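Here the structure comes first, spelled out in structure tokens, and everything after it is commentary.
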Amino acid sequence: ADSLKALINAERAGKKQVLIRPITKIFIIFLKMMLKYEYIKSFQVIDDHRTGKILVHLIGRINKCGCVTPRYNLSVHEISLYKRKILPSKLFGKILISTSSGIIEHTRAINEKIGGKIIGFFY
């Protein structure tokens, strides 16, 4: 939650880079999804033999991102309900869901008819 808040604060301030620490495996997967859909330019993991740091290069495309706590269990039918609650439009934004086949976005979960736990969102 703090990492995503630092990311959105730097984005709103118009910065090109932000240094985030500490890091987790889920946050790295979250950044890979943002990179896949071109919400960030790139990121670099810096190993300092402690908790680690990530340098994220921004492009100014993120409007909002966050995590959903508690991580609710969602069936396939409930995913569309949460999509309407969280995302501002049908056309853009992603909700990340932790499933038995890994962390995937909501559209893929609906297509594959897989439920799971909701992790976060970005648009």
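Computed from the coordinates by the stated procedures, all read-outs in this text should not be read as laboratory data. Please read all numbers here as calculations on a predicted model, not as lab measurements. FYI the Cβ positions are ideal-geometry reconstructions off the backbone, even for glycines, and counts take in every protein chain you see.
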Cα-based helix-to-principal-axis angle, 25-36 vs the chain, degrees rounded to 10: 80 degrees
Simple spin-label estimate for S80 and I26 in nanometres, 7 Å along Cα-Cβ: 2.7 nm
Neighbour-limited loop hits for chymotrypsin sites (Phe, Trp or Tyr not before Pro), the range 1-38 (at most 15 other Cβ within 10 Å; DSSP other than H, G, I, E, B): Y37
R0 of 25 Å, Cβ-Cβ distance N111-E38: FRET efficiency to nearest 0.05: 0.75
Descending principal axes extents, the range 33-86, alpha-carbon based, whole Å: 42, 27, 16
Distance in nm between pseudo-label sites at A1 and K15 (7 Å out along the Cβ direction from Cα): 2.1 nm
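Mean separation of Cα pairs under 8 Å and 6+ residues apart, divided by the residue count of the chain: what relative contact order is that in percent?
24 percent
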Total formal charge among the other residues, if their Cβ is under 15 angstrom from that of K90, Lys/Arg +1 and Asp/Glu -1: +3
The chain - mean residue ellipticity at 222 nm from DSSP helices (-39,500 (n - 2.57) per run, n ≥ 4, rounded to 500): -10000 deg cm²/dmol
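Can you check what the net charge comes to around V68, using other residues whose Cβ is under 11 Å from the Cβ of V68 (Lys, Arg +1; Asp, Glu -1)?
So the environment of V68 carries a net charge of +3.
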Cα-derived Rg over Rh, computed across the range 56-99 with Rh taken as Kirkwood radius: 1.00
